[in-house]
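Structure record follows, encoded as structure tokens.
Read-outs: derived from the displayed coordinates by stated rules, not from any lab. The structure displayed is predicted, hence computed values, not measured ones. Cβ placement follows ideal geometry from the backbone for every residue including glycine, while neighbour counts extend to all protein chains displayed.
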Amino acid sequence: MAVNMQDVSSAMADLGRLRFGEMKVEDAMHEIVRSTHAIFDVDGAGLMLADADHHLRNVAVSDDRMAHLEELQIQHREGPCVAAFEDKELIGAEDLTEEARWPLFSAAAVERGVRAVLASPLPYNQDAVGVVAVLSEDRHPWSAEGELALLAFTDLAALLIASMMQGQEQSLLAAQLQTALNSRAVIEQAKGVLIGQQGLSAHEAYEKLRAQARSQRRKLAASSADVVRNAAGRR
């Protein structure tokens, strides 16, 4: 990923000014993707956000290929975006023809002319609320400078999204994002309860919450809220 730090700084300044403008949340999402695609000199970019049930959703993409690869990750819960979101860290692959972590995603990406990918989580209160990802059609060793630039860019994008959701005009997407953030907080609390009570890992606690919600045919956030309330009642 060829990165001109002057271009990155300029784009970050432009995005920062949007925080105080009147751009709608939906338009801001597409502006983030457009800027990412152009500044980092890649062959595709996309933005995914989590819904109230902790599932990633496709929000904005640079092209149909990116949309397809994001939907594939959502469907199979496999791929760099899912990994970056769940692990809350930068995830990359410089050559998908040699990648074993995500067999379904890698095969689909290579078939569509994609060789490399880099995904960065969108941070919010020590958690992740989404992912920004970039694609390359060539084998691409991601440089440390490029990785740091993408992390800084996604940090600012997360601030932009959060600030716009607090604006006076709440669009449907903004309201949905706020609901998702509130639900994520409850889910994280419930995970903490299970980790403390049963000695589970964060992943094990989350999977247990998901299984419980499915068995009850309820939303994950609602089921998680019961776990938190029950724990509070025992104190």
Sorted peptide list for 209-222, 109-122, criterion being average Cβ within 10 angstrom, highest first: 109-122, 209-222
Pairwise label distance in nanometres, residue 104 with residue 208, each label 7 Å out on the Cα-Cβ vector: 2.6 nm
Residue 51 paired with residue 234, simple spin-label distance in nm, labels 7 Å along Cα-to-beta-carbon: 3.1 nm
Rounded FRET efficiency, nearest 0.05, which uses the C-beta distance separating residue 195 from residue 26 and R0 of 35 Å: 0.45
Nitroxide proxy distance, nm - points 7 Å out along Cα→Cβ at residue 222 and residue 139: 5.2 nm
